[in-house]
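Everything on this sheet refers to the single structure shown next.
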């Protein structure tokens, strides 16, 4: 009896979280045995927070993102958005992948309309939105270009704009700029921070770049491998908006060094 | 004005470079052709090549002109083209539809796969006498032959093309809660289209082969029948002339479908094909 009461109490306290991840396990069937990729994952996210899932390859960070996005089902545990269990992909959530996955036979404009077409939305309203979004990602006037006429960085900008087309509350970004060169990546990271801060959207970013995670996030979830588990969830208490100057602060380098320690990278 | 961010046009100068090389190579190809024809002509005139084995190019050329001036050529040509095109359209249609059906269901694919492999292994030309027995000396037997022989390239390419949709695109459509129908028409089918067209190109040439082989086995009209007749009459100039005409027609059909391919699949990256 008392357990039930406690549980109800917990739920009441948690009501101000947008995303609740409680005791999640995930395993995949491989041949005869099941391989556990995520073990006992707990994470609560408030609306508007910028979260990074950070860890080495194989820590299950992409799997966790797909669970939140409803693209996979957890083996056990509770996963909720706005108090409702996640049962599949939702319109509250926008996904962005490492590859831009633009359809090569569609122009930029037609690519941006894809999410609207698929959800039978209002195309005319959406068309008006396209101009604004292209301006937001710095590609005003590129409506009628085909993807192959754009560089990798430009394609990812379009991909970001497409994610924003349906105006989702939560952005799930799976190493979105991971395939780009360092300079383009940094530029896009700052664009992303601007967009997140201006729109107040929740962002969950999968990355394996420590400094990027610290610079951008309110909270960094550091994951370990075999199986994927949370090593530590670190609140980054650096005021926003953050600029290049942040990287010169002692506070910033302490966070970075602490995470390096956690992950066991570098020479001591 | 729009080149404010990253630029993406080193492709332009590269293709210009390729065009230059291509021009030089084309000239060399033509030179080689002229050389070969001249050698052939000389060898025929000095009697090294027997006219029944290989008539001189000039003989073939005049026979070609003679045939082109005759009205019966077009009658037979019409029949063969009808068989080829009918066979091509029916065969390709069946191939694409069956390719889609088989790809849509993994279980069905596994069940049908052994049959497909066996049918593919059959030398289709060996079936020609059977088709004549079944359908007689008219065009039907040749159309069926053309269908049989042109089916597989398009079928196999349709299946491969539909399988080539990458994982992240599937995830994108899944995350956008796309309906099955939308995923098929807006993602899978356009992705498969370049593959399907590559299959269609082979199929078209194959359909012509099917029609001709069918006519060899038993027909009272068509280019295949005409070839057989001229060969029997030892009219070697005309035999070679027919081969020239057939090759030109095959080439024209191929260019037509290639043009269509470039028009329809404008987004394909063709730089690697050259």
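The values are calculated or read from the model by the stated rules, or taken from the named source; none is laboratory data. Here the structure is a predicted model, which is why all the values come from computation and not from measurement. Neighbour counts run over all protein chains shown; Cβ positions are idealised from the backbone, glycine included.
What to note about this one:
- Scan of region A:228-268 for residues that are crowded, with 18+ Cβ neighbours inside 10 Å, more than 17 Å from the chain's Cα centre (by Cα) and in a loop (DSSP other than H, G, I, E, B), ordered by number: A:242
- So residue A:240, is it assigned by TED's automatic domain parsing to the domain that holds residue A:50 and over 23 Å from residue A:42 (Cα atoms): yes
- Residue match in region B:153-172 (condition: under 17 Å from residue B:211 (Cα atoms), within 27 Å of the chain's Cα centre (by Cα) and modelled with pLDDT of 90 or more): yes
- Flag for residue A:122 being more than 9 Å from chain B (Cβ to nearest Cβ), within 26 Å of residue B:182 (Cα to Cα), modelled with pLDDT of 90 or more and in contact with a helix residue (DSSP H, G or I) (Cβ under 8 Å, 6 or more places away or on another chain): no
- Within the set B:155, B:185, B:232, the sole residue that is in the same structural domain as residue B:257 (by TED's automatic domain parsing) and touching a helix residue (DSSP H, G or I) at 6+ places or on another chain (Cβ under 7 Å) turns out to be B:155.
- Test: residue in region A:147-156 that is within 17 Å of the chain's Cα centre (by Cα) and buried (at least 17 other Cβ atoms within 10 Å of the Cβ): yes
- When we screen B:135, B:115, B:88 for residues that are free of Cβ contacts under 8 Å to residues at least 24 places away in the same chain, closer than 27 Å to residue B:203 by Cβ and either crowded, with 16+ Cβ neighbours inside 10 Å or outside the structural domain of residue B:234 (by TED's automatic domain parsing) (or both), the only hit is B:135.
- Number of the exception - residue B:217 against (1) more than 14 Å from chain A (Cβ to nearest Cβ); (2) without any contact (Cβ under 8 Å) to a residue 24 or more places away in the chain: (2)
Residues checked against (1) assigned to a helix (DSSP H, G or I); (2) not assigned by TED's automatic domain parsing to the domain that holds residue A:109:
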| position | (1), (2) |
| --- | --- |
| A:161 | yes, no |
| A:176 | no, yes |
| A:188 | yes, yes |
| A:191 | yes, yes |
| A:195 | yes, yes |
| A:198 | yes, yes |
| A:203 | no, yes |
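- Odd one out for residue B:221, checked against (1) outside any loop (DSSP other than H, G, I, E, B); (2) farther than 23 Å from residue A:106 by Cβ: (1)
- Among the candidates A:113, A:72, A:103, residue that is in a helix (DSSP H, G or I), in contact with a helix residue (DSSP H, G or I) (Cβ under 7 Å, 6 or more places away or on another chain), within 12 Å of chain B (Cβ to nearest Cβ) and surrounded by fewer than 22 Cβ atoms within 10 Å (Cβ to Cβ): A:113
- Considering region A:170-184, and only residues there that are within 12 Å of chain B (Cβ to nearest Cβ) and over 14 Å from the mean Cα position of the chain (by Cα), the residue that is nearest to residue A:99 (Cα to Cα) turns out to be A:179.
- Scanning region A:116-146 for residues that are exposed (fewer than 15 other Cβ atoms within 10 Å of the Cβ) and over 23 Å from residue A:173 (Cβ atoms) yields A:120, A:122, A:123, A:124, A:125, A:127, A:128, A:131, A:141, A:144.
- Test: residue in region A:206-225 that is farther than 30 Å from residue A:114 by Cα and more than 19 Å from the chain's Cα centre (by Cα): yes
- The set of residues in region A:75-100 being touching a residue at least 24 places away in the same chain (Cβ under 8 Å), surrounded by fewer than 23 Cβ atoms within 10 Å (Cβ to Cβ) and under 20 Å from residue B:182 (Cα atoms) consists of A:91 alone.
- Matching residues, region A:76-93, being facing chain B (nearest Cβ under 8 Å) and touching a helix residue (DSSP H, G or I) at 6+ places or on another chain (Cβ under 7 Å): A:89
- Test: residue B:238 is crowded, with 21+ Cβ neighbours inside 10 Å and either touching a strand residue (DSSP E or B) at 6+ places or on another chain (Cβ under 6 Å) or at negative phi (or both): yes
- Considering only residues in region A:1-55 that are in a loop (DSSP other than H, G, I, E, B) and at pLDDT 80 or above, the one that is nearest to residue A:175 (Cα to Cα) turns out to be A:55.
- When residue B:194 is tested against the conditions (1) within 14 Å of chain A (Cβ to nearest Cβ); (2) part of a helix (DSSP H, G or I); (3) at pLDDT below 90, the lone failure is (3).
- Exactly one residue among B:35, B:68 is outside any loop (DSSP other than H, G, I, E, B) and assigned by TED's automatic domain parsing to the domain that holds residue B:138, and that residue is B:68.
- Among residues of region B:146-171, those that are buried (at least 22 other Cβ atoms within 10 Å of the Cβ) and without any contact (Cβ under 8 Å) to a residue 24 or more places away in the chain, counted: 0
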